[in-house]
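The values are calculated or read from the model by the stated rules, or taken from the named source; none is laboratory data. Keep in mind the model is a prediction, meaning the values are calculated, not measured. Note: ideal-geometry Cβ built from the backbone for every residue, glycine included; neighbour counts use all protein chains shown. All accessible areas refer to the heavy atoms of the entire protein, side chains included, with ligands and DNA or RNA removed. Shrake-Rupley method; radii C 1.70, N 1.55, O 1.52, S 1.80 Å.
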Amino acid sequence: MEFVILAVVIALVAVGAISGLVVSSRKKKQLPPSAPSSTPTITAPPAEPHVGEEAAETAEEQRRTIEEVALPEAPASPVVVEEALPEAPAAPEIEVPEPTAGRLVRLRARLARSQNSLGKGLLTLLSRDNLDEDTWEEIEDTLLTADVGVAPTQELVERLRERVRVLGTRTPAELRALLREELIALLGPDFDRAVKTEGGLESPGVVMVVGVNGTGKTTTTGKLARVLVADGKSVVLGAADTFRAAAADQLQTWGERVGARTVRGPEGGDPASIAFDAVKEGIAESADVVLIDTAGRLHTKTGLMDELGKVKRVVEKHGPLDEILLVLDATTGQNGLVQARVFAEVVDITGIVLTKLDGTAKGGIVIAVQRELGVPVKLIGLGEGADDLAPFEPGAFVDALIGD
């Protein structure tokens with residue numbers, strides 16, 4: 001009985017809970033808002049276009065001519081900044097060398113300034129009323145001091161003594177003419193002093209310049225190029241002195257001044273190879289002359305001499321050398337003769353170039369070196385100027401020694 005009552009109570013509670021849920025869900029549902037009670041607006045359909053007489057007049061639009069229309073301004077052009085290009089190096093100006101004809105005569109005053117002590121000293125001694133043994137010894141000393149050399153000095157004094165004894169009375173003009181004549185004879189007027197630059201029919205003349213570093217060898221090679229260009233010849237330079245720093249640059253600068261091309265190689269390169277290439281280029285360019293500057297390291301005598309011998313042999317594969325010039329510093333005096341002997345042992349010296357002759361009173365070295373080697377002095381350097389290298393002329397040289 002109790003169970004029946006409990007079941008009825010539970011059933012009543014369950015029915016009440018279900019009824020509450022149904023009522024609650026109905027309250028949450030809302031109907032949509034009703035439409036407002038206003039008259040709807042009806043839009044008329046678009047009118048059909050009329051044609052013919054029924055067509056409406058077209059409203060006239062305002063029009064402008066092209067002149068009245070302002071065109072948009074063109075945008076400003078951007079400023080283009082051009083980068084400045086590096087200036088190309090200016091080509092060196094080609095110089096016109098001074099003519100070589102009579103150059104020594106024009107440079108005579110420069111030579112005379114340093115050589116007057118020799119000529120004037122001899123004239124003063126010879127002008128004495130009594131030419132005794134002491135006077136002749138003074139004449140000998142003057143000649144030896146000027147580096148004339150022992151044998152040439154004795155020869156000159158003997159000839160002067162004989163001629164003075166025969167002449168008897170001696171006026172200054174007679175003494176000057178006598179001394180001039182004997183000095184010219186001692187210088188060897190019969191020597192061929194022309195620099196040989198004539199090659200074969202299809203090859204240029206080849207000149208090799210040798211000498212000790214410091215004598216002005218490379219400078220002399222450059223000045224000789226100017227001498228040849230002044231005489232109307234085309235020149236190729238061979239920078240075969242590869243051991244002295246900047247020797248090739250120095251030679252190239254000399255060449256550029258007169259329009260001569262320089263064949264060069266790396267520093268420390270093979271001199272013989274460069275000399276060979278220089279002659280080869282000279283043949284290819286139909287040049288008149290090839291000048292080859294060589295090294296001059298006398299402190300390594302054996303190596304230097306072997307080197308010069310190799311250069312000579314390699315160059316002669318193209319043809320014979322026309323000239324081998326030895327450059328000597330006139331201020332070294334008798335030491336220059338020692339150098340001359342060393343070079344003459346290896347290469348056949350055909351001519352001598354005496355440099356710095358304006359800076360010494362020892363002009364007698366011209367006589368001594370000719371006697372020593374048996375070859376002529378062909379060129380002399382009288383200063384630092386580009387055109388101070390002159391062909392040697394015995395008459396003009398002696399005139400500079402003894403004055404007018």
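Structure notes:
- As a calculated quantity, the FRET efficiency between V346 and D277 at R0 = 30 Å, using C-beta atoms, amounts to about 0.85.
- Using the Cβ-Cβ distance between A173 and E198 with R0 set to 41 Å, the FRET efficiency from 1/(1 + (r/R0)^6) comes to roughly 0.45.
- Simple spin-label estimate for E93 and R128 gives 5.6 nm between the two label positions (7 Å along the Cα-to-Cβ direction from each Cα).
- Residues A185 and V150, FRET efficiency given R0 of 22 Å [Cβ-Cβ distance, rounded to 0.05]: 0.80
- Length available on full extension from N335 to D306: 0.36 nm per residue minus the Cα-Cα distance, which gives 8.3 nm.
- Paramagnetic label zone (point 7 Å from Cα along Cα-to-C-beta, R159; backbone N under 17 Å) in region 302-343: none
- Sequence of K233, K378, K317 when ordered by accessible area, the most exposed leading, probe 1.4 angstrom: K317, K233, K378
- Annotation: per residue accessible area for region 166-218 equals 49 Å², rounded to a whole number [probe 1.4 Å, protein chains only].
- Estimated distance in nm for a label pair at A284 and A246, the labels positioned 7 Å out from Cα along Cα-to-Cβ: 3.0
- Protein heavy-atom surface of region 282-404, 1.4 angstrom probe: 48% of the accessible area is carbon and sulfur, with nucleic acids and ligands not counted.
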